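Reviewing the structure listed below.
The values are calculated or read from the model by the stated rules, or taken from the named source; none is laboratory data. Predicted model only: the values in this text are computed from it and were never measured. In this analysis, Cβ positions are derived from the backbone assuming ideal geometry, glycine residues included, and neighbour counts consider all displayed protein chains.
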Amino acid sequence: MPFVNVRLYEGHGKERKDELAKRITQAVTDVCKVPPQAVWVVFEEVPPTDWFAAGAPGQPVKK
């Protein structure tokens, strides 16, 4: 059972995460030759202020 953990900035809407989960599931089923029901996708949302790149905190999601 493939398990995909996606860590991303908080603030992405449900529609965006639904689409991302659908596409990830399709990619995993194609490559791993497993049924979609066997693929788990979990989103972990991180506040931009807790996400650092080059020592600087991130910025809010641009919509």
| remark: Restricting the stretch 46-63 to residues that are surrounded by 11 or more Cβ atoms within 10 Å (Cβ to Cβ) and either closer than 26 Å to M1 by Cβ or small (G, A, S) (or both), the one modelled with the highest pLDDT turns out to be V46
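Regarding A27, is this residue at pLDDT 90 or above and hydrophobic (A, V, I, L, M, F, W, C)? Quick ask: steps written out before the conclusion?
On the way: at pLDDT 90 or above: yes; hydrophobic (A, V, I, L, M, F, W, C): yes.
So A27 fits the description; yes.
In this structure, is F43 of a type in the set (F, W, Y), free of Cβ contacts under 8 Å to residues at least 40 places away in the same chain and surrounded by fewer than 11 Cβ atoms within 10 Å (Cβ to Cβ)?
The answer is no for F43.
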| query | How many residues are of a type in the set (V, I, T) and more than 14 Å from the chain's Cα centre (by Cα) when one looks only at the stretch 46-60? | reply | 1
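Out of the residues in the stretch 21-45 meeting the condition of being over 13 Å from the mean Cα position of the chain (by Cα) and of a type in the set (D, E, K, R), tell me which one is farthest from R7 (Cα to Cα). Break it down stepwise before answering.
Looking only at the stretch 21-45, we keep the residues that are over 13 Å from the mean Cα position of the chain (by Cα), and these are 26-39.
Keeping just the survivors that are of a type in the set (D, E, K, R) gives 30, 33.
Working: D30: 22, K33: 24 Å.
The extreme case among them is K33.
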| message | Given the condition loosely packed, with under 13 Cβ neighbours inside 10 Å, part of a strand (DSSP E or B) and not aromatic (F, W, Y), answer yes or no: does some residue in the stretch 4-18 qualify? | response | yes
| task | Restricting attention to the stretch 26-50, report how many residues are closer than 15 Å to H12 by Cα and either assigned to a loop (DSSP other than H, G, I, E, B) or touching a Phe, Trp or Tyr at 6+ places or on another chain (Cβ under 8 Å) (or both). | result | 5
